[in-house]
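Peer 1: Please find one structure pasted underneath; my questions will follow.
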Amino acid sequence: MSLATSTCGMVTSPHGPATEAGLAILAQGGNAIEAVIATAASLCVTYPHFCGLGGDAFMLIADAHGQVHSLSGIGQAAQKLPTYQGSIPTRGPQAMLTSAAAVDVWAQAFAISRDEWAGKESWAGLLTPAISLARDGFAISESERFWLQFRQPEASALPGVYAHFLVDGALPAPQQRRHQPALAATLETLALRGPRDFYEGQLAATIAQGLAQAGSPLTAADLAQTRARAEVPLQLPYRDGTLVAHRPPTQGITTLEIMGILDRFDLHNIAEGSADYYHLLVEAVKRAFIDRNRLIADPDHTDVPVERLLSPAHLDQLAASIRMDQALPWPHNFQTGDTVFLAAADRQGNAVSMLATTYFDWGSGVVVGDTGLLWHNRGAAFSLDPQHPNCLAPGKRPFHTLNPGMYLHNGKPAILYGTQGADGQPQTLAAILTRMIDYGMDPYTALARPRFLLGKTFSDARDSLKLEEDVPAEVFADLARRGHALSPLPAHSPLMGHPGAICIDPATGVMTGAHDPRSDGRAMGL
């Protein structure tokens with residue numbers, strides 16, 4: 001893995017064959033939206049543990065002049081919900097309680113490409129690479145092999161996974177090939193009949209039947225009501241540019257709060273990778289997460305004080321509360337989840353930043369009928385506390401950790417960024433953004449440097465501050481003296497998320513990009 005460079009176009013994703021699918025679209029004259037749709041569809045085949053047609057997705061779309069579209073694809077809760085006792089299951093059919101909006105995000109982005117960017121690629125043509133991968137086969141990724149092995153002790157809770165994703169009943173060998181004929185047939189129907197067929201047509205009827213057979217509360221009527229939201233994105237000044245993010249119920253506002261707090265500190269006087277550096281970022285994360293956990297939910301159902309949270313006065317107050325010699329105690333709940341980040345920029349200067357997800361790795365663990373679709377479990381993010389802003393209700397959208405981003409310089413796209421990792425997303429983004437913007441690092445260097453994660457992980461249930469072990473020992477010791485409860489993780493741990501980034505030099509148009517060396521991903525330029 002290395003830094004990709006180009007002046008003609010670039011794609012980054014967590015899996016090489018998916019990146020190649022998007023790059024091929026750029027090579028034949030397609031634009032950034034078209035490249036991202038081809039890449040996203042391919043990832044639904046090659047990265048089934050983290051994303052799929054049965055999940056949600058988000059896009060930030062900007063043309064060369066900085067006209068930005070925000071598409072928020074969050075499936076809504078079923079209109080007829082089960083009566084849950086104690087908690088919402090995290091796996092199985094009762095976790096399949098929200099619709100899946102990823103395909104409608106693709107559809108609305110495709111319309112923007114056609115109507116505003118003079119896109120020439122056909123809908124079916126953009127799905128062709130994914131269909132070929134599913135039908136003809138592909139080498140199973142190391143990431144998928146890791147998560148199949150990691151979850152094997154829980155196989156009984158993930159029957160769809162271990163029935164469909166093993167090879168001859170066993171864990172796949174390195175580079176072993178997989179074919180997905182059922183998913184190929186579903187993609188072929190989608191290519192032939194168009195994206196809304198997923199929600200209202202022949203394919204929708206098949207999906208609804210499979211959901212009912214599995215025991216999900218979702219119905220054909222719930223699918224038909226599913227629409228991604230086209231919204232005015234949130235924006236916040238940072239240094240000499242502007243950060244752009246999705247609106248609630250995503251935690252895009254949380255990433256902006258963190259960066260707004262950091263904007264009030266002179267990072268040029270703080271060495272990157274020092275104890276001061278990690279302490280400051282972690283303390284900014286804590287302040288923003290306290291706001292997030294109390295206030296962020298579906299604004300259709302609760303008042304979310306967006307303007308107050310991003311106001312200069314509030315950010316000033318949060319920054320002033322940080323003590324550089326003392327850590328704020330951290331007893332707050334942790335959200336888990338898995339996702340893929342992908343992005344593309346074309347020779348015209350158009351750019352797309354995208355995240356797609358099934359929430360937990362392998363989502364609900366249920367494959368819908370004979371469609372090959374693994375349905376997500378994002379509805380498990382709802383609360384059953386009637387006083388909580390994210391309380392479950394029919395037709396409501398759950399709180400979402402996904403927040404792909406863009407950084408605009410002089411009004412034009414300058415950095416495309418995002419990451420897998422649920423609660424880790426704003427934390428990882430704070431690290432890679434400060435490294436690229438404040439410390440001038442190229443994307444690969446910024447992504448490869450050691451990272452932190454506040455809270456639980458799959459392997460450590462303590463609400464401690466995880467640091468990768470290539471952080472110097474003296475930094476560990478200094479942070480411990482300030483009151484941080486520390487847990488080491490191996491260097492380049494796969495638990496630290498898989499961010500990607502593309503930087504576009506506004507003066508020269510030169511693009512540089514990378515995907516996290518902790519992943520199977522890569523950036524590729526024309």
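Peer 1: For the condition touching a strand residue (DSSP E or B) at 6+ places or on another chain (Cβ under 7 Å), in a loop (DSSP other than H, G, I, E, B), at pLDDT 95 or above and not basic (Lys, Arg), what is the one hit in GLY66, GLY29, GLY52? Walk me through it before giving the result.
Peer 2: On the way: GLY66 fails: at pLDDT 95 or above; GLY29 fails: touching a strand residue (DSSP E or B) at 6+ places or on another chain (Cβ under 7 Å).
Only one candidate qualifies: GLY52.
Peer 1: Return yes when ALA18 is of a type outside the set (D, E, K, R) and either at positive phi or over 19 Å from the mean Cα position of the chain (by Cα) (or both) and no when it is not. If you could, list the steps in order and put the result at the bottom.
Peer 2: Numbers: of a type outside the set (D, E, K, R): yes; either at positive phi or over 19 Å from the mean Cα position of the chain (by Cα) (or both): no.
The answer is no for ALA18.
Peer 1: Among ALA57, ALA40, ALA109, which is within 29 Å of MET511 (Cβ to Cβ), part of a strand (DSSP E or B) and open to solvent by less than 20 Å² (accessible area, probe 1.4 Å)?
Peer 2: Only one candidate qualifies: ALA57.
Peer 1: Would you say PHE360 is within 14 Å of the chain's Cα centre (by Cα) and open to solvent by 10 Å² or more (accessible area, probe 1.4 Å)? Spell out the reasoning first.
Peer 2: Details: within 14 Å of the chain's Cα centre (by Cα): yes; open to solvent by 10 Å² or more (accessible area, probe 1.4 Å): yes.
Yes.
Peer 1: Another question about this same structure. Scan region 385-413 residue by residue and report those that are part of a loop (DSSP other than H, G, I, E, B) and more than 22 Å from VAL232 (Cβ to Cβ).
Peer 2: In the first step, residues of region 385-413 are kept if they are part of a loop (DSSP other than H, G, I, E, B); the result is 385-390, 392-399, 401-404, 410-411.
Of everything in region 385-413, those that are part of a loop (DSSP other than H, G, I, E, B) and more than 22 Å from VAL232 (Cβ to Cβ) turn out to be ASP385, PRO386, GLN387, HIS388, ASN390, LEU392, ALA393, PRO394, GLY395.
Okay, residues lined up against (1) touching a Phe, Trp or Tyr at 6+ places or on another chain (Cβ under 7 Å); (2) in contact (Cβ under 8 Å) with a residue 40 or more places away in the chain; (3) surrounded by fewer than 24 Cβ atoms within 10 Å (Cβ to Cβ):
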| site | (1), (2), (3) |
| --- | --- |
| ASP346 | no, yes, no |
| ALA356 | no, yes, no |
| GLN387 | no, no, yes |
| THR401 | no, yes, no |
| LEU408 | no, yes, yes |
| PRO413 | no, yes, no |
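Peer 1: Please work out which one of (1) in a loop (DSSP other than H, G, I, E, B); (2) over 23 Å from GLY411 (Cβ atoms); (3) of a type outside the set (Ser, Thr, Tyr) is the condition ILE261 fails and give its number.
Peer 2: (1)
Peer 1: When you scan region 78-88, do you find a residue that is open to solvent by less than 10 Å² (accessible area, probe 1.4 Å) and either under 21 Å from ALA38 (Cα atoms) or in contact with a Lys or Arg (Cβ under 6 Å, 6 or more places away or on another chain) (or both), even just one?
Peer 2: Restricting attention to region 78-88, the residues satisfying the condition of being open to solvent by less than 10 Å² (accessible area, probe 1.4 Å) are 78.
Checking which are either under 21 Å from ALA38 (Cα atoms) or in contact with a Lys or Arg (Cβ under 6 Å, 6 or more places away or on another chain) (or both) leaves us with none.
No, the conditions are met nowhere in region 78-88.
Peer 1: Moving on. Name the pairs: first residue in region 424-449 and open to solvent by 10 Å² or more (accessible area, probe 1.4 Å), second residue polar (S, T, N, Q), Cβ to Cβ under 6 Å, at least 6 apart or on different chains?
Peer 2: Pairs that qualify, where the first residue is open to solvent by 10 Å² or more (accessible area, probe 1.4 Å) and the partner is polar (S, T, N, Q), are ASP442/THR512.
Peer 1: Another one. Conditions: (1) among the small types (Gly, Ala, Ser); (2) open to solvent by less than 40 Å² (accessible area, probe 1.4 Å); (3) modelled with pLDDT under 90; (4) farther than 26 Å from ILE322 by Cβ. GLY497 meets all but one. Number of the miss?
Peer 2: Evaluating GLY497 over (1) among the small types (Gly, Ala, Ser); (2) open to solvent by less than 40 Å² (accessible area, probe 1.4 Å); (3) modelled with pLDDT under 90; (4) farther than 26 Å from ILE322 by Cβ leaves (4) as the failure.
Peer 1: Go through the residues of region 181-194 one by one and say whether even a single one is exposed (fewer than 15 other Cβ atoms within 10 Å of the Cβ) and more than 25 Å from the chain's Cα centre (by Cα). Give the steps one after another, and end with the answer.
Peer 2: Going through region 181-194, the residues exposed (fewer than 15 other Cβ atoms within 10 Å of the Cβ) turn out to be 181, 192.
Then drop every residue that is not more than 25 Å from the chain's Cα centre (by Cα), which leaves 181, 192.
Yes, because at least one residue in region 181-194 is exposed (fewer than 15 other Cβ atoms within 10 Å of the Cβ) and more than 25 Å from the chain's Cα centre (by Cα).
Peer 1: In contact with a Cys (Cβ under 7 Å, 6 or more places away or on another chain) and either among the aliphatic types (A, V, I, L, M) or over 27 Å from ASN269 (Cα atoms) (or both) - does that describe any residue in region 477-497? Break it down into steps so the answer makes sense when it comes.
Peer 2: If we filter region 477-497 for residues that are in contact with a Cys (Cβ under 7 Å, 6 or more places away or on another chain), which is where we start, we get none.
No, region 477-497 contains no residue that is in contact with a Cys (Cβ under 7 Å, 6 or more places away or on another chain) and either among the aliphatic types (A, V, I, L, M) or over 27 Å from ASN269 (Cα atoms) (or both).
Peer 1: Pairs, please: C-beta under 8 Å, at least 6 apart or cross-chain, first residue free of Cβ contacts under 8 Å to residues at least 60 places away in the same chain and in region 145-164, second open to solvent by less than 80 Å² (accessible area, probe 1.4 Å) and β-branched (Val, Ile, Thr)?
Peer 2: Every condition considered, the pairs that remain are ALA155/VAL161.
Peer 1: I want to confirm something. Restricting to region 124-149 and keeping residues that are open to solvent by less than 30 Å² (accessible area, probe 1.4 Å) and of a type in the set (S, T, N, Q), which single residue is nearest to the chain's Cα centre (by Cα)?
Peer 2: Step by step, filter region 124-149, then rank; the result is SER143.
Peer 1: Something else about it: Just checking, how many residues over region 5-25 are among the hydrophobic types (A, V, I, L, M, F, W, C), open to solvent by less than 10 Å² (accessible area, probe 1.4 Å) and touching a strand residue (DSSP E or B) at 6+ places or on another chain (Cβ under 7 Å)?
Peer 2: Residues meeting the conditions: 2.
Peer 1: Okay, next question. Report, by residue number, each residue of region 291-329 that is buried (at least 16 other Cβ atoms within 10 Å of the Cβ), assigned to a helix (DSSP H, G or I) and hydrophobic (A, V, I, L, M, F, W, C).
Peer 2: Selection gives LEU295, VAL306, LEU309, LEU315, LEU318, ALA319.
Peer 1: Just checking, how many residues over region 269-286 are of a type outside the set (A, V, I, L, M, F, W, C) and within 16 Å of ASP470 (Cα to Cα)?
Peer 2: To start, the set of residues in region 269-286 that are of a type outside the set (A, V, I, L, M, F, W, C) comprises 269, 272-274, 276-279, 283, 286.
Right, trim to within 16 Å of ASP470 (Cα to Cα) and you get 272-274, 277-278.
Qualifying residue count, region 269-286: 5.
Peer 1: Continuing with the same structure: Among helices (runs of 4 or more DSSP H) lying entirely in region 126-210, which contain 1 or more residues that are in contact with a strand residue (DSSP E or B) (Cβ under 6 Å, 6 or more places away or on another chain) and under 27 Å from ASP520 (Cα atoms)?
Peer 2: Details: elements: 142-150, 159-164, 181-193, 197-200.
The helices (runs of 4 or more DSSP H) meeting that bar are 142-150, 159-164.
Peer 1: Only residues that are surrounded by fewer than 11 Cβ atoms within 10 Å (Cβ to Cβ) and within 15 Å of SER364 (Cα to Cα): list them for region 150-177, please.
Peer 2: Answer for region 150-177, where residues must be surrounded by fewer than 11 Cβ atoms within 10 Å (Cβ to Cβ) and within 15 Å of SER364 (Cα to Cα): just SER156.
Peer 1: Report whether or not VAL340 is under 30 Å from LEU97 (Cα atoms), at pLDDT 95 or above, open to solvent by less than 20 Å² (accessible area, probe 1.4 Å) and of a type in the set (Val, Ile, Thr).
Peer 2: Details: under 30 Å from LEU97 (Cα atoms): yes; at pLDDT 95 or above: no; open to solvent by less than 20 Å² (accessible area, probe 1.4 Å): yes; of a type in the set (Val, Ile, Thr): yes.
Considered against the rule, which asks whether it is under 30 Å from LEU97 (Cα atoms), at pLDDT 95 or above, open to solvent by less than 20 Å² (accessible area, probe 1.4 Å) and of a type in the set (Val, Ile, Thr), VAL340 comes out as no.
Peer 1: Among the residues of region 465-477, how many are in contact with a helix residue (DSSP H, G or I) (Cβ under 8 Å, 6 or more places away or on another chain) and open to solvent by 40 Å² or more (accessible area, probe 1.4 Å)? Before the answer, list the steps.
Peer 2: We begin by selecting, within region 465-477, every residue in contact with a helix residue (DSSP H, G or I) (Cβ under 8 Å, 6 or more places away or on another chain); these are 465-468, 471, 474-475.
Imposing the further condition that a residue be open to solvent by 40 Å² or more (accessible area, probe 1.4 Å) reduces the set to 474.
The qualifying residues number 1.
The values are calculated or read from the model by the stated rules, or taken from the named source; none is laboratory data. Keep in mind that this is a model prediction, so the values were computed, not measured. Here Cβ is always computed from backbone atoms with ideal geometry, including for glycine, and neighbour counts include all displayed protein chains. Side chains are part of the model used for accessible areas, which takes the heavy atoms of the whole protein and leaves out ligands, DNA and RNA. Shrake-Rupley method; radii C 1.70, N 1.55, O 1.52, S 1.80 Å.
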